[in-house]
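One structure is given here, and the rest of the page talks about it.
All of the numbers you see were taken from the coordinates with simple rules; none came from a lab. This is a predicted model, so every value here is computed, not measured. All Cβ positions, glycine included, derive from the backbone under ideal geometry; neighbour counts span all protein chains shown.
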Amino acid sequence: MDTEYDKSRLERLKRGLYKPGETAGSEKYDDLSPSEINVENNWGDTEIITGRKEAPHKSHVDAFLKILVVLAVLTSFASGGFLLYQYFDPLRLCSDKNILLTFETPIGVTPGIPASIVVHIANQNRCGLEYSNLSLIYPSGTRESENPSKDLHEQKKVLGTIQPNESVEFNGSAIFLGEENEEKEIRAVLEYRFEGVNSLLTKGGARPLRLLASPINLVVNTLKEVNAGQQLELTLSAVSNTVIPLRDILVKIEYPQGFTFSDADPKPAYGNNIWRVDSLKPADKFSVVIHGILEGADTQQRVFQTSIGVGDDKNERDISTLYGRASSEIVVKRPFIGITLSINGKPAGDATAMFGQRIEGVVEWKNNLPTSIVNAEIEVRLFGAAMDRMSIQAGSGGFYRSIDDTIFWDVRGNPQLSVLGSGQSGSVGFSFMPLPAVSGTSAMSNPEVTAEVTVRGKRFSDDPSKVPEEIKTVMAQTVRIASEIQFVARGVYFVGPLANSGPIPPRVEQETTYTMIWSIVNTSNNMANARVRGILPSYVKWYGSVYPSKELISYNKNTNEVIWSVGDIPAGTGIVTPPREVAFQVVLLPSLSQVNKNPALLTDIRLNALDSFTNTEVTKTAPSIQTDISTDPKASREDGLVVE
């Protein structure tokens, strides 16, 4: 219960609370400082604080809150990073980007020496590769290490399943051939399927290899300069530069404009510029010597391009893998005195002649100097196994000097040669006959005649103190004589290797068999690709009997053509060896319209062949064979007329 003192004190406080401008108890305590306040003993449960203080536990709460914030931020970053990693993880999805194909090979390889090839496959995916197969594809010209004669195009290996993070490798070996410093490329192709995926996928890679040398050393030798119209010799040498045998080698020369091919040793396999070498052993050498005439303007440059390599399987005249190439540059010079020799109206380099025909030669000359030439002389020296010395004749005032088989012209026989003005031209002529192709039981082989032409004279200098200078131009040309081939077609009944049947003379609507005989004689040059053809009339049938049976003879029903594929005919066939012959039978069924006539049994008979020496086509024809068979010694003239 409150005392009286307490009640009065409370009242004063209340009045102070409601008095404007004053606070409770202000009248008593305004002049007091906080330190002077004394609290009565009955306020013992009340504490009056003289200064402001923070709660003692507030700093710990703030530190705890900071830790919570930091942990929340770190958790957010970790969660976001984990989500980003899951989204952008390169190994999360299976991809060919996670499959690595690497090569382990030498940078350069030597021809003929096996080179080691290692391919590494690394699967960096989180899924395996199933049904894996590796294909190693080699460039053209590659050979097997174990069998160098065999081409190597591709090698395959079954790898099976490549587990995640697993690596496998393929070890191979091959021999590389090609041009020196050429880059060859090896390609690897991996076929596979990802686990749980049916689609077949591929991954590829490539690695270049450089060839340190060529398997064949190719050298071409010729003159650096040549006078226009002068005989030119080109020598080609190919030497094996490898320890393995090389096969199917093709040598190809591209002639420049103005070059006229004369001959070559050995003969080209195709045309006049392609040679084939079946096999070239280590250190073996193959050589070709080519002759021809080069024309061109003064100081004009001509280039011979030579290539060597492996022949193409699809086109026998092309090179599939190149081993080497060479360029030969020749400068054409204009001679002081220009010379042109023609034979039978053609340039001598292209000219061929026939046995039994006179050969006409013409030498044309021209002064190419800006000054005159005086006391000119022209000489033509003839030599060769086919030349008939007794038949040589000189024209235009020339004289044949038999002691050295030379025809010469000078001012005594041709006054025009006393002075040749600048740009002046002229010509002289001569002729001769070739010897017979056959003498007794022997035949001439590859007959030819060479004409060596020399024109000389003197020119005077503008300086009168200098003596006249002698100038000379020389050229040589060879004339090849074509082989004298003989072809005979005849029909027989009573003689021959095949027995015939049926009425003689032939009777209307009754069959009679006849034997056709084709014979070939060849004199001086080998013949190639020979073929004989003949056509059967509509009333004559192919019987089918052939003698000798080894001969390739066929009948075309659509064209009624009989074809004999003769092939090669060596020189001397029919002279030093027996003639080449074939016999076959045909059947005649005459009609009433043919009574008292000699019906044809075989028509349009012709022989075609290639003269290998002159490189010219030879064609021979034979008259049609009729039923009168005058070539049968036992047949009479009346035996050929058809009777009823």
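Residues whose amide H falls under 5 Å from that of residue 391, counting only those 5 or more places apart or on a different chain, are 433, with hydrogens built in the peptide plane.
The spacing between region 146-186 and region 489-528, judged by their C-alpha centroids, is 64 Å.
A DSSP coil position with no more than 16 other Cβ atoms inside 10 Å describes the following chymotrypsin sites (Phe, Trp or Tyr not before Pro) in region 442-515: 460, 494. Note: relative contact order over the chain, using C-alpha pairs below 8 Å and six or more positions apart, is 8 percent. Backbone geometry of region 300-309 corresponds, through the Karplus equation with coefficients 6.51, -1.76 and 1.60 at θ = phi - 60°, to 3J(HN,Hα) couplings of 6, 9, 10, 10, 9, 9, 10, 10, 9, x Hz, x marking Gly and Pro. For residue 582, the residues whose amide H sits under 5 Å from its own are 518, ignoring neighbours fewer than 5 places away on the same chain, with H placed 1.01 Å from N. In terms of other Cβ atoms within 10 Å, 532, 73 run from fewest to most in the order 73, 532.
Scalar couplings 3J(HN,Hα) for region 392-397, obtained by applying the Karplus form with A = 6.51, B = -1.76, C = 1.60 to θ = phi - 60°, are 6, 10, 10, x, 6, x Hz; x denotes Gly and Pro. Sparse packing (at most 14 other Cβ atoms within 10 Å of the Cβ) combined with a DSSP loop state is found for the following trypsin sites (Lys or Arg not before Pro) in region 143-202: 150. Placing unit charges on the Cβ atoms only, positive for Lys and Arg and negative for Asp and Glu, gives region 389-463 a dipole magnitude near 180 debye about its Cα centre.
3J(HN,Hα) along region 572-582, derived from phi through the Karplus expression 6.51 cos²θ - 1.76 cosθ + 1.60 where θ = phi - 60°, amounts to x, 5, x, 10, 9, 10, x, x, 8, 9, 9 Hz, with x in place of Gly and Pro. Between 565, 525, 496, the Cα set farthest toward the positive side of the dipole of region 451-604 (charges on each charged residue's Cβ, about the Cα centre) is that of 496. Cβ-to-Cβ counts within 10 Å put 94, 127 in ascending order as 127, 94, the fewest first. The loop-placed chymotrypsin sites (Phe, Trp or Tyr not before Pro) in region 521-559, going by DSSP, that have at most 16 neighbouring Cβ atoms within 10 Å of their Cβ come out as 539. Using a cut-off of 30 Å between Cα atoms, the listed pairs 557/597; 224/314; 267/458; 184/267; 97/156 include 224/314; 267/458; 184/267 as exceeding that distance. For residue 295, the amide hydrogen comes within under 5 Å of the amide hydrogens of 229, 259, 260, counting only partners 5 or more places away or on other chains and with H modelled in the peptide plane. Compute the angle between helix 58-88 and the longest alpha-carbon principal axis of the chain, please, reported from 0 to 90 degrees and rounded to the nearest 10. The helix 58-88 is inclined about 20 degrees to the chain.
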